[in-house]
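One structure is given here, and the rest of the page talks about it.
The values are calculated or read from the model by the stated rules, or taken from the named source; none is laboratory data. Please read all numbers here as calculations on a predicted model, not as lab measurements. Note that each Cβ is placed from the backbone with ideal geometry, even for glycine, and that neighbours are counted across all protein chains shown. In case anyone asks, the SASA skips ligands and DNA or RNA and just uses the protein heavy atoms, side chains included. Shrake-Rupley method; radii C 1.70, N 1.55, O 1.52, S 1.80 Å.
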Amino acid sequence: IETAQRQLVEALDLDRSSLFELSPDNTTLTMTHWWSRPQFPPLTSTTGTTENQFPWIRSRIRKGEIVVLPSLEHLPADAIDRANMRAVGVKSNVTLPLTVDGQVVGALAFGVLREERPWPDAIVNRLRLVAQVFAAALSRKRSDLALRSALAEVEQLRDRLRDENEYLQREVRTLHGSSQDIIGRSTA
């Protein structure tokens, strides 16, 4: 994902890309991947969640809307997002929802820190396609994690069943001499 972010940032002459994932309980968007040009400060964990820093943008993304900001002046004057975008150095931004089966699972943001810039529809539409690819990758990742978790649970249950079976066989031998004798008598 970060390699793709780098390639997009460089090809479109942008400065930064950030990918946010929505928590399983649908309450928190957390930055999981990012790439920025070396001359810009790296993002830190304090800039990694959107809940308190970018509530206006977050609310639009959670509704499945694309947020296009040629300048920060396009944000509502009373939105705390404006000051927080300035704090992380962003002058222009586009943020796209990542959706799977109609559900928002995250967001993909692209920012320019050097200058304000327009976001032509052609670029936004291409970025929308990129967001769909990233959303599919996140969906596959989540499915893989769920599958691995289910497999681990099945393996634990198998091991538990094996252990309980061995325990019961020992108990039967202790009480009745041989489990084969009991099995043979029960089927006759």
Q. Taking a 1.4 Å probe, which of Ile66, Ile80, Ile61 shows the most accessible area, and what order do the others take after it?
A. Ile80, Ile66, Ile61
**Q.** Proximal charge balance of Val90 [Cβ under 9 Å; K/R count +1, D/E count -1]
**A.** +2
Q. Rounded to the nearest whole Å², what accessible area per residue is found for the chain with the 1.4 Å probe?
A. 60
(Q) If each residue of separation counts as 0.36 nm, what is the full-extension length gain between Thr32 and Asn125 once their alpha-carbon separation is subtracted? (A) 31.1 nm
(Q) Take Thr174 and Ile80, extend 7 Å from each Cα along the Cα→Cβ direction, and tell me the distance between the two endpoints in nm. (A) 6.2
Q. Given only helices, namely DSSP H runs of n ≥ 4 each adding -39500 (n - 2.57), what is the per-residue ellipticity at 222 nm of the chain, to the nearest 500 deg cm²/dmol?
A. -16500 deg cm²/dmol
Q) With the chain treated as a Gaussian network of Cα nodes joined by springs under 10 Å, which of Leu72, Leu12, Leu127 yields the largest mean-square fluctuation? A) Leu12
Q: Quick one: compute a quarter of the convex hull surface over the Cα atoms of the chain and quote it in nm².
A: 16.6
Q: Can you send over the carbon and sulfur percentage of the accessible area for the chain, probe radius 1.4 Å, protein chains only?
A: 54
**Q.** GluC sites (Glu not before Pro) within region 87-156: DSSP coil, no more than 16 neighbouring Cβ in 10 Å
**A.** Glu115, Glu116
Q.
Spelling out what I want: for every residue of region 17-23, take phi, set θ = phi - 60°, compute 6.51 cos²θ - 1.76 cosθ + 1.60 (Karplus), and round to whole Hz; glycine and proline get x.
A. 9, 10, 10, 10, 10, 7, 4
Q) Between Phe40 and Glu65, what length comes free when the chain is fully extended (0.36 nm per residue of separation minus the Cα-Cα distance, one decimal in nm)? A) 6.2 nm
